[in-house]
Amino acid sequence: MKIRLQRWRDYFFLGIFVLFQISEIGNIKYILALAFAAFYFLVQYQYGAPLTMQGAGKSYFTILLGLCGLFAITAGLQLINGFQSYAINEVIYFITPLFFVWVYVSMTNRERLGIIIDYMFCILILAFIYEKWQFMSFSYLKYISFTNSYSVFECGYGYPSVVLECVFLMRGEKKKAFGAMLFAVVCFKRFCMIAAILIFVFSKWIISDKPADKKAVAVAIIGFVLLPIITCGVLDEEFSVWFEQQFGISLRFLTMSRSDRLMAVINSDEIKHGLGSTTVYMTDMLNELHGSEIEQRNLHNDLVRIYLECGILGSIIFTYTYFKATVRSRTALIIMCYVFAECYFNHPLGAGNVGLWIVIYMSLAYVLTNKEQTIGARSV
C-alpha cells in the first residue's frame, strides 16, 4: 500500500512538472501545485511530521525566511505607496516551487529522488522536441549563427539542464552529465552554453559532495550583493558616453539594448511597490512606445530587479539566505553561483520560470542530503 501511494505521489508530481513545461496550460498548474502541497502538508501534519527539518529541509527553511523578508519589504512599501495587486502574483511565483518540492521531498528518500530527477531530465528533452519538432531537420542547421548568436533551437530548457548536469557530475555519471551539457548547448542560450561547458571541463575540481568552503560562500554573497549596486551606479548617460569614447562601442550595443531598459527603470519614480513593480512599469512603458509588438517585457536582470524593487536590504536578504542554504555541499554552491549568474544576465525569477525552480530545489534536495540519510519523514 505504501509503495503504491508513493508511486501515485511520484506520478502526480511529475504530471504537474509536465504542466509547467506547457505555457498554454495557464494558471491551473499553480493551483494544482499548491493544492498538492497543501493536501500533503495536512496529511503529514495529521501524522505528526510536517515539513521535516532533516536533510534539505533546513536549507528550504532558510530560503523561505529570505523570501518572507522580500514579501515583508514589499508589504511595507505598499503600505507607504499604495497597494498593487500584482505583488500577490509575485508571491505565488516565488512560493509555489518551494512549497511544492519541499512537501514532496519530505515524503521520499534520496534514492527515489535520484530516479525522479532522471525522469525530469527526460521530460525536459521531450518538451524541447515537442516545442521544436518543426525544426528537426538538417536544413535548419544552416540558420544557426554563432556570430549573431542566433538559432532556431534557442529556448530556456538549457537553464535546468545545467543544474541537472551538476547533479549528474556529483553522482559520477559522466555520460548523463555530457548529455545534459550537450542539451544546454543545443538550447543555445549564450551564458548557459558557456557555463555548461566550463562546469563539465572543471568538474574534477569544483563538483564534490564535501561541504562548501565558508570563505567561498562569503565571497559569493558579497560579490552578488555588490553586483547590482555597481551596475546601477555606472549606468547613466555620462558613463555611456565615456564608455563609447574609450572602447569605440556603445554600451547599448554591448548589452543588446538591455542597458536602455535598466537606465529607464533606474531613473523612474514608479517602482516603489516592491516585487513585480519593475515588470509592470516596463510593460506600461513598452506598450506606450511600441504597442503590443514587444514580447519581452522584463528587465533582463533579476539581481538588479530585486535591488530596485526591494532595496539594498532586500538584495542582502535574498542573496544571503540562498547562499546560506548551500553551505553543506560544494555542488550546491556551484549550482547557486550559476543560478545567480543567470539572474544577472537573464530573468529566471517570476512567471514562466517556476518549472526551472522546481528543478533547482529538487537538485538542492539531492546534493544536500547524505547517502544514508532519509530526506523526509516516514511515508503516510
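Go through region 62-96 and report how many residues are polar (S, T, N, Q), assigned to a helix (DSSP H, G or I) and more than 23 Å from the chain's Cα centre (by Cα). Give the derivation first.
Filtering region 62-96 down to residues polar (S, T, N, Q) leaves 62, 74, 78, 81, 84-85, 89, 96.
Restricting the remaining residues to those that are assigned to a helix (DSSP H, G or I) gives 62, 74, 78, 81, 89, 96.
Going one step further and asking which of them are more than 23 Å from the chain's Cα centre (by Cα), we end up with 78, 81.
Total satisfying the criteria: 2.
What single numbered condition from (1) over 21 Å from ARG190 (Cα atoms); (2) at pLDDT 80 or above fails to hold for LEU303?
It fails just one condition, (1).
With the checklist (1) assigned to a helix (DSSP H, G or I); (2) surrounded by 22 or more Cβ atoms within 10 Å (Cβ to Cβ) in hand, flag the one item ILE316 doesn't pass.
Result: ILE316 fails condition (2) only.
For region 88-111, name all the residues that are in contact with a helix residue (DSSP H, G or I) (Cβ under 8 Å, 6 or more places away or on another chain), modelled with pLDDT of 90 or more and not aromatic (Phe, Trp, Tyr).
Listed by number, the residues that qualify are GLU90, VAL91, ILE92, ILE95, THR96, PRO97, LEU98, VAL101.
State which residue is surrounded by the fewest Cβ atoms within 10 Å (Cβ to Cβ) when the search covers only region 324-358 and only residues that are more than 15 Å from ALA196 (Cβ to Cβ) and small (Gly, Ala, Ser).
Out of the qualifying residues, it is GLY352.
Hey, can you tell me all the residues within region 269-282 that are outside any helix (DSSP H, G or I) and either farther than 19 Å from ILE73 by Cα or among the aliphatic types (A, V, I, L, M) (or both)? First the steps, then the outcome.
Taking region 269-282 as the starting set, the residues that turn out to be outside any helix (DSSP H, G or I) are 269-276.
Passing the criteria: ILE271, LEU275.
Against the condition surrounded by 21 or more Cβ atoms within 10 Å (Cβ to Cβ) and not in a helix (DSSP H, G or I), how does THR321 come out, does it pass? Show your work before the answer.
Numbers: surrounded by 21 or more Cβ atoms within 10 Å (Cβ to Cβ): yes; not in a helix (DSSP H, G or I): no.
No.
The values are calculated or read from the model by the stated rules, or taken from the named source; none is laboratory data. Bear in mind the structure is a predicted one, so any value in this text is a computation, not a measurement. No Cβ is skipped: glycine too gets one built from the backbone with ideal geometry, and neighbour counts run over all protein chains shown.
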